[in-house]
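The values are calculated or read from the model by the stated rules, or taken from the named source; none is laboratory data. All figures in this text were calculated on a predicted structure; none of them were measured in a lab. Because the Cβ atoms are built from the backbone with ideal geometry, glycine has one as well, and the counts that use them run over all protein chains shown. Protein only, heavy atoms only, side chains kept; ligands, DNA and RNA dropped before computing areas. Shrake-Rupley method; radii C 1.70, N 1.55, O 1.52, S 1.80 Å.
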Amino acid sequence: MSIEVITFGCRLNAFESEVIAREAESAGLADTIVINSCAVTNEAVAQARQSIRRLKRQRPGARIVVTGCAAQIQARMFAEMSEVDRVIGNDDKMRGEAWHEAWAAFALEKSEKVAVSDIMAVKEMAPHLLDGFQRGLPRVFVQVQNGCDHRCTFCIIPFGRGNSRSVPMGAVVEQVRALAERGHAEIVLTGVDLTSYGADLPGAPRLGQLTKQILRHVPQLLRLRISSIDSVEADADLLDAIATNERLMPHLHLSLQSGDDLILKRMKRRHSRKDAIDFCAQVRRLRPDIALGADIIAGFPTETEEAFARSEALVEECGLTFLHVFPYSPRPGTPAVRMPQVANGVVKERARRLRAAGEAALRRRLAAEVGKSREVLIESDKLGRTEHYLPVAIAGEMPGTVRRVAIAGHDSARLSV
C-alpha cells in the first residue's frame, strides 16, 4: 500500500483529497493513510476519530496522518491520539512541502506531530490541475474559491478554512479547458462560499462573469455545473447564464438553512424567508425546468414548532427537489452554543420530518420526469445523471458519454429508461 486518502465532508474536500494523494506520493510517502476530516458537525468529528481507531486496528503498521477542517480547528485533540502520527493543517495539506516535511519527520522519527499554520493569515490561492483526474471520471470538480468572510452563528468552518480567497479567472478557464480536452464531460465549480468568488481579485469579477468566460472560451466542454451557492449573492451575469446557456446545467443547490425570519436573524444569515422564495421563483421563470436543492438546519437554538413549520413549508414553497438536512450540532466557539438549545430528541424528530418532506419532493420530481427525453451523463455501468442531477438506472453504456434517453419510470429513488 502507498497512499490511501479517506475523505469526509464536502465536495471541496473530495477535490482536495486528489491533491493530497498527488503531493503525498510525490514526497515519497508509503504505507500511509490520510484522513481528510470535516468539522461541520460534532458527528463528523466523531466519525473521523472512529475511523482512525478502526484503521489502526486493521493496519497496525500504517502511518496515519490527519488533515482537513477538524484537524485545523482541533489539532491538539488529534495529536493526542496514540494512533495518529501527524496532523497537517488545511492550507498546508495543499502544499507539497508539508508532505516532504512529514516524510522527513517519519524518517527521522521526530516526535513533533503538529504542522498546522495560521489559516487566517492565508491571503492567496493557487490553482491545482490534477493529473489524477485522467482516470476517466465523467464528472470532475474544479476548486475556484476557498474560505468564508461571513460569520454565521452556527458555523465553525471559517476557522477551518480561513477568509475568502479566489483562483484567478484565467487560471480557472485554463484548468477547465485542460480537463475538457482530456475528455471529461462535466465540470463542477466548487468552493466554500462560491458566490463570494472574485471579491479579492483585481477588478473583483463575480461568479457569473467566471461562468460566462468558461462557457465562451471552452466550447468543447459539454456540461458545466455549479455547486452550492448563497442565493443573496447571485449576480446578474450568473442569472443571465442560467437563462440563456443550455451547457450550464439547470440545477442549483442553495444555502437556505431556515424558513423562519427570526431564526435566520439569529443565524446571522443575510436573507429573509421572502428573499429565498422570490429567488427560487425568479430562477424558475428564467429556466422553468430547473431543479433546486437546499441545505436546511433542523432544531437551531430557540427554534419553536411554528418556526420549524416555516422551514418545512419551504420545501413546497420554493419547489425544492433535493434536501440536505443538518440536525443542529453545537460547535464550541460559535455564538449559537450560548443560545437556548432545543432538546436533542426534538432536533432528531424535526430532522426526520424534514428528510421525509425531501424524499416526497424527490418522488414528485421523479414522477414528473416520466415520458420526457433527457441528456444523461453515464457515470458507471449502472448509473447516470440527467441535466438536473437526477439519478438514472442505466446499463450497457460507456462511462463518460452523454446519451439522450426517454424516461420510462422510476422507483422513488432513481429514474429508469
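How high is the relative contact order of the chain, in percent, with contacts defined as C-alpha pairs under 8 Å that are six or more residues apart? Walk me through the numbers on the way to the answer.
Details: 858 pairs, mean separation 44.0, N = 417.
Worked out over the chain, it gives 11 percent.
Where does the charge balance sit around Q220 when Lys and Arg score +1, Asp and Glu -1, over other residues with C-beta under 13 Å from its C-beta? Please report the intermediate quantities before stating the final value.
On the way: positive: R177, R182, R216, R223, R247; negative: E181, E186.
Taking every Cβ under 13 Å from that of Q220, the sum is +3.
For K265, give me every one of the lysines with a C-alpha distance below 25 angstrom, ignoring sequence neighbours fewer than eight places off in its own chain.
K274, K348
At 1.4 Å probe size, with the rest of the protein present, what percent of the exposed accessible area of segment 29-129 is carbon and sulfur atoms?
Values: 2250 of 4680 Å².
Carbon and sulfur atoms account for 48 percent of the accessible area of segment 29-129.
Roughly speaking, what is the stretch gain from R11 to A243, that is 0.36 nm per residue apart minus the C-alpha to C-alpha distance, in nm to one decimal?
Numbers: separation 232, 0.36 × 232 = 83.52 nm, distance 2.54 nm.
This chain segment gains 81.0 nm when fully extended.
Express the accessible area of segment 116-273 per residue in Å², computed with a 1.4 Å probe while the remaining protein chains stay in the model.
Details: 5840 Å² over 158 residues.
Each residue of segment 116-273 exposes 37 Å² on average to a 1.4 Å probe.
For segment 353-417, what Kirkwood radius comes out of the mean inverse Cα-Cα distance, in Å?
Working: mean 1/r = 0.0843 Å⁻¹.
Across segment 353-417, the inverse of the average 1/r is 11.9 Å.
As a check on your grasp of the helix formula, calculate [θ] at 222 nm for the chain: sum -39500 (n - 2.57) over DSSP H runs of n ≥ 4, divide by the residue count, round to the nearest 500. Don't jump to the answer; show the numbers that get you there.
Details: 13 runs with 154 residues, N = 417.
The per-residue figure over the chain is -11500 deg cm²/dmol.
Counting only protein heavy atoms, what percent of the accessible surface of segment 203-267 is carbon or sulfur at a 1.4 Å probe? Don't skip to the answer; put the middle values down first.
Numbers: 1150 of 2320 Å².
The computed percentage sits at 50.
Hey, any idea what % of segment 336-417's accessible area is carbon plus sulfur with a 1.4 Å probe?
Values: 2260 of 4230 Å².
Accessible surface attributable to carbon and sulfur in segment 336-417 totals 53 percent.
Using a 1.4 Å probe, what is the accessible area per residue for segment 286-391, in Å²? Before the final figure, lay out each step's value.
Details: 4520 Å² over 106 residues.
Counting only protein heavy atoms, the per-residue value for segment 286-391 is 43 Å².
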